[in-house]
Amino acid sequence: MKNFFDFLVRQYFFFLFLLLEVIAIIMVVQNNYYQRAAFINATNETTGSFLSTINSISQYFSLVDANHKLSEENARLLSESRKFRKANDTRVYISHDTVYSQEYEFVSAKVIKNSTNKRNNYLTLDKGSKQGIEKDMGVITSTGVVGIIKDVSLNFSSVTSILHKDSKISAKIKKNSQLGTVIWGGGDYQYGELIDIPTHVKLVIGDTVITSGYSTSFPEGIMIGKVSDFKIDKGDNFYTITIKFNTDFNSISYAYVIKNIMKKEIDQLNKDIPND
Amino acid sequence: MINVVSRNILRMIFLVIFQVAVLDNIQVGGYINPYMYILFILLLPFETPKWLLLLSAFFLGLSVDMVSDTLGIHTAACVFMAFCRPGVINLISSRQEYEIGISPTVRDLGFKWFFSYALILVVAHHIPLFFLEVFSFHEFFQTLLRIGLSIIFTMFLLLLSQLITYRPKK
């Protein structure tokens, strides 16, 4: 026994290395597959406020751009607003509240950290569970889909960007409603891939790709990107489609988190469907 | 002694902030991402006890991980790099260079020594880092390309930092 301890002490450098490395690997795996331990969420508050300090400095450099985008969006929203529209006919449609009810709510948030240069990219938003944000909610900007909420702390939340190896967004081609999945294969952050589109579908470069509305994270019809290239590999039943994202991920400063009010109900229903 | 400890702690804080606030925002075609914060491990004094070397590398990686939301990846790479450090120093140093009071810098041991020292350790850091991030060998060659480009960029920054802080010997 004494020899054993002597051995441990003599080789402590190696064993300490092994111990720390195992801790690190466990953290990697946990971070990838499960919700993170509570103590990390607590520290998230600290790093979150640190990041927003950095962001409050660096945002000055992109103020012009952000202002421009916001004013553009304001203009678009104004033009959609009913107040500024002329009534086309004199018939009156009465919509009772019992017929249409609101399905989605939007929470606006500031992006305080963003990256596009890694294989797995994350964003950090300055809104958290206090503002009603929960895991798995969708995140968009005025130009399109950004990602899905991964973790929430009291005042901050982190987002798994569409630029992530595990990100899969249910999508469809706008003109013929063909269903596929948008993934990102790494490399250039402006281009992603659309998979699972069968080869009998006719495609044109420039076709619009939007969200399908089949996941509870995103409503139907949110812009994702445009088809920029497609080909059929030999013996393959599906297209290999490259799409250009409509959102410039490198210059996101504000985003909207989508709350699906009916999510609980849909999830409850889906729970009873057997998974094959 | 206190002076050395506090100087290293300050250096660690500065490098982590510089990494997260500046270097992580560099964007060149999705491939290049320099990781200069490992300069901290490179510049730890020769006399650092081995357990302290590993532990400080652990906390260095952990702090970068927490801020960039990549828990564990940098920690694992840094600990591995720190584990390699004593071996690398033995490998490339001849006995007479190894005097008390000497630090592992260009100033004390020359450009050639520092270059090979840094290069081996940067490789030992970047390879585990990038493969852990991708967590598969599916995109093997693409990952290798990213590793290669990032190594060049990191080395460039490390050598540049040595030039900036270069003060000739008294």
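Residues in region A:106-124 that are within 14 Å of another protein chain (Cβ to nearest Cβ) and over 17 Å from A:D248 (Cα atoms): none. Every test in (1) in the same structural domain as A:N67 (by TED's automatic domain parsing); (2) out of contact with any strand residue (DSSP E or B) (no Cβ under 6 Å at 6 or more places or on another chain); (3) buried (at least 18 other Cβ atoms within 10 Å of the Cβ) is passed by A:I261 save one, and that test is (3).
Per this entry, B:K50 is not counted among residues that are without any contact (Cβ under 8 Å) to a residue 40 or more places away in the chain, of a type in the set (K, R) and farther than 19 Å from A:V22 by Cβ.
Name, by its number, the condition in (1) away from every other protein chain (no Cβ under 14 Å); (2) surrounded by 16 or more Cβ atoms within 10 Å (Cβ to Cβ); (3) under 17 Å from B:I38 (Cα atoms) that does not hold for B:L109. Of everything listed in (1) away from every other protein chain (no Cβ under 14 Å); (2) surrounded by 16 or more Cβ atoms within 10 Å (Cβ to Cβ); (3) under 17 Å from B:I38 (Cα atoms), B:L109 misses just condition (3). If only residues of region B:133-152 that are surrounded by fewer than 20 Cβ atoms within 10 Å (Cβ to Cβ) and touching a residue at least 60 places away in the same chain (Cβ under 8 Å) are counted, the one that is nearest to A:K165 (Cα to Cα) is B:E133.
Among the residues of this structure, A:S215 does not count as one that is assigned to a loop (DSSP other than H, G, I, E, B), without any contact (Cβ under 8 Å) to a residue 12 or more places away in the chain, farther than 27 Å from B:I26 by Cβ and among the small types (G, A, S).
Among the residues of region B:1-21, are any in contact (Cβ under 8 Å) with a residue 24 or more places away in the chain and either farther than 22 Å from B:S161 by Cβ or hydroxyl-bearing (S, T, Y) (or both)?
No, region B:1-21 contains no residue that is in contact (Cβ under 8 Å) with a residue 24 or more places away in the chain and either farther than 22 Å from B:S161 by Cβ or hydroxyl-bearing (S, T, Y) (or both).
Could we say that B:I73 is under 22 Å from B:L15 (Cα atoms), of a type in the set (V, I, T) and at pLDDT 90 or above here? No: the conditions fail for B:I73. Count of region A:18-49 residues, restricted to those that are facing chain B (nearest Cβ under 7 Å), modelled with pLDDT of 75 or more and out of contact with any Leu (no Cβ under 7 Å at 6 or more places or on another chain), is 3.
Could you identify the single residue in B:F40, B:F83 that is away from every other protein chain (no Cβ under 14 Å) and at pLDDT 85 or above? Exactly one of B:F40, B:F83 is away from every other protein chain (no Cβ under 14 Å) and at pLDDT 85 or above, namely B:F40.
The values are calculated or read from the model by the stated rules, or taken from the named source; none is laboratory data. This structure is a prediction, so every number in the text was calculated from the model and none was measured. Please note: Cβ atoms are built from the backbone with ideal geometry, for glycine as well, and neighbour counts cover all protein chains shown.
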